[in-house]
1. Can you tell me which residue among F301, F256 is open to solvent by 30 Å² or more (accessible area, probe 1.4 Å), in contact (Cβ under 8 Å) with a residue 40 or more places away in the chain and in contact with a helix residue (DSSP H, G or I) (Cβ under 7 Å, 6 or more places away or on another chain)?
2. Say we look at region 11-32 and pick out the residues that are of a type in the set (V, I, T) and within 26 Å of G344 (Cβ to Cβ); which of these is modelled with the highest pLDDT?
3. Can I200 be described as at pLDDT 85 or above and either more than 25 Å from I274 (Cα to Cα) or open to solvent by 30 Å² or more (accessible area, probe 1.4 Å) (or both)?
4. What residue, of G322, G341, is more than 25 Å from E229 (Cβ to Cβ), at pLDDT below 80 and loosely packed, with under 14 Cβ neighbours inside 10 Å?
5. Name the residue, out of G269, G222, G284, that is assigned to a helix (DSSP H, G or I) and buried (at least 17 other Cβ atoms within 10 Å of the Cβ).
6. If you go through region 360-368 one residue at a time, do you hit one that is assigned to a helix (DSSP H, G or I), under 26 Å from S31 (Cα atoms), modelled with pLDDT of 75 or more and open to solvent by 90 Å² or more (accessible area, probe 1.4 Å)?
7. Can you tell me which residue in region 58-85 is surrounded by the fewest Cβ atoms within 10 Å (Cβ to Cβ), limited to those that are charged (D, E, K, R), over 27 Å from the mean Cα position of the chain (by Cα) and assigned to a helix (DSSP H, G or I)?
Amino acid sequence: MDQRSDNSHRHSPVKLIIWAGVTLLVVLNFSGVLNIFRNLFGVLYPLLLGAAIAYVLNIIAAGYEKIYFPDSNNRFIKNTRRGVVIILAILTVVLILILLLRVIIPQFVESTRLLIAGFPGMYDNLLAWLNQHADLLPGLQQQIAEMEMNGEELIKKGFTLIGNWAFGTVSLIGSVFGKMANYLLAIIFGIYLLFGKDHIKSNFTSLLNAYMRPEGREKLYGILLTADEAFSSYIIGQFKEAVILGVLTTIGMLIFGFPYAGTIGPVIGFTALIPLVGAYIGAGLGFLLIVMVDPLQALGFMVFLVILQQIEGNLIYPKVVGDTIGLPGIWVLAAIIIGGGLFGIVGILLGVPVAATIYKLLAKDIRQKMDSSPVSPLS
């Protein structure tokens with residue numbers, strides 16, 4: 001025992017030097033290392049997406065396992081339970097996708113169409129109002145005259161820029177077919193993972209038992225359990241919050257007589273899947289739609305939505321989801337900004353559960369170190 005401790009102490013300076021050297025190399029070549037990870041992520045993207053699909057389906061399947069005769073000893077039910085709950089999970093996801101395609105996405109398209117149709121008039125009215133009050137801001141009238149564009153010309157220019165971006169250097173059709181192929185491979189891989197979950201888990205356990213010490217396995221299992229809790233709580237919580245917020249927004253808009261309730265409510269619920277800032281994106285779109293009808297109602301809509309967000313965030317969300325994520329709001333915002341800056345939309349969606357996992361692991365490690373360290377008496 002003492003010899004093993006002496007060996008670990010003897011090798012610890014070498015490990016420290018190696019870790020310091022690796023860290024220094026990463027810091028000095030951070031952009032190159034980041035590019036390597038991005039290229040690797042691009043190659044592994046279908047497999048990672050498939051694993052994510054399998055993970056989400058497994059959460060749904062686990063819920064069905066709790067209600068599909070969990071205490072039955074019938075051989076047929078026990079043998080078919082895995083296949084039945086997986087099929088039910090897949091059907092659930094298909095129904096959600098149909099809901100998106102038949103209800104939410106058409107509402108989003110309709111709201112965009114209404115916004116484009118009403119934008120020229122709103123833009124021209126804004127220019128007329130600025131011309132009338134140009135004396136309040138010196139030089140404003142000259143800048144307005146230099147623009148020489150009305151609302152329709154501005155929209156046409158916007159579509160021209162979008163078209164140049166879409167069809168300029170990259171073939172949009174090729175990109176779409178490439179993504180469809182990736183998504184198809186990801187779905188097939190995810191379903192394969194889900195049906196072979198027990199076999200994969202057994203192989204993974206055998207691999208760890210063969211190549212890792214018991215203390216290392218215990219630490220790894222603790223990390224994976226913490227990550228699983230953070231990710232599953234985040235996915236379920238965001239979905240529940242989006243549905244509740246969308247329904248409450250629609251009902252509230254109908255009660256107060258705001259226009260486009262059936263369009264804005266589902267859009268806000270859909271955008272609320274993006275953590276922290278998603279609902280405000282939908283709110284901005286709703287404000288632009290209502291302001292074309294009645295600016296006073298648009299202001300009232302924003303006041304209503306801010307109050308609803310406070311009620312939902314402080315009363316409903318803690319009751320429905322609880323504090324299982326365990327990440328303070330400031331770190332949620334930081335995770336979204338950093339994740340979005342590094343990996344775009346994927347980083348925005350995954351930044352919060354990754355940050356929550358790291359936060360919980362650090363908190364647990366700090367508690368263990370403080371409990372194990374001797375407390376010096378006060379002099």
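1. Matching residue, one of F301, F256: F256.
2. Step by step, filter region 11-32, then rank; the result is V27.
3. Judged against the criteria, I200 is a match.
4. G341
5. It is G269.
6. Checked region 360-368: no residue is assigned to a helix (DSSP H, G or I), under 26 Å from S31 (Cα atoms), modelled with pLDDT of 75 or more and open to solvent by 90 Å² or more (accessible area, probe 1.4 Å).
7. Looking at residues that are charged (D, E, K, R), over 27 Å from the mean Cα position of the chain (by Cα) and assigned to a helix (DSSP H, G or I), I get R75.
Listed here are the residues, each with its yes/no results for (1) in a loop (DSSP other than H, G, I, E, B); (2) at pLDDT below 80; (3) open to solvent by less than 50 Å² (accessible area, probe 1.4 Å).
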{"residue": "Q3", "(1), (2), (3)": "no, yes, no"}
{"residue": "H9", "(1), (2), (3)": "no, yes, no"}
{"residue": "L34", "(1), (2), (3)": "no, yes, yes"}
{"residue": "R38", "(1), (2), (3)": "no, yes, no"}
{"residue": "L44", "(1), (2), (3)": "no, no, no"}
{"residue": "I53", "(1), (2), (3)": "no, no, yes"}
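The values are calculated or read from the model by the stated rules, or taken from the named source; none is laboratory data. Keep in mind that this is a model prediction, so the values were computed, not measured. All Cβ positions, glycine included, derive from the backbone under ideal geometry; neighbour counts span all protein chains shown. Ligands, DNA and RNA are excluded from the accessible area calculation, which covers all protein heavy atoms including side chains. Shrake-Rupley method; radii C 1.70, N 1.55, O 1.52, S 1.80 Å.
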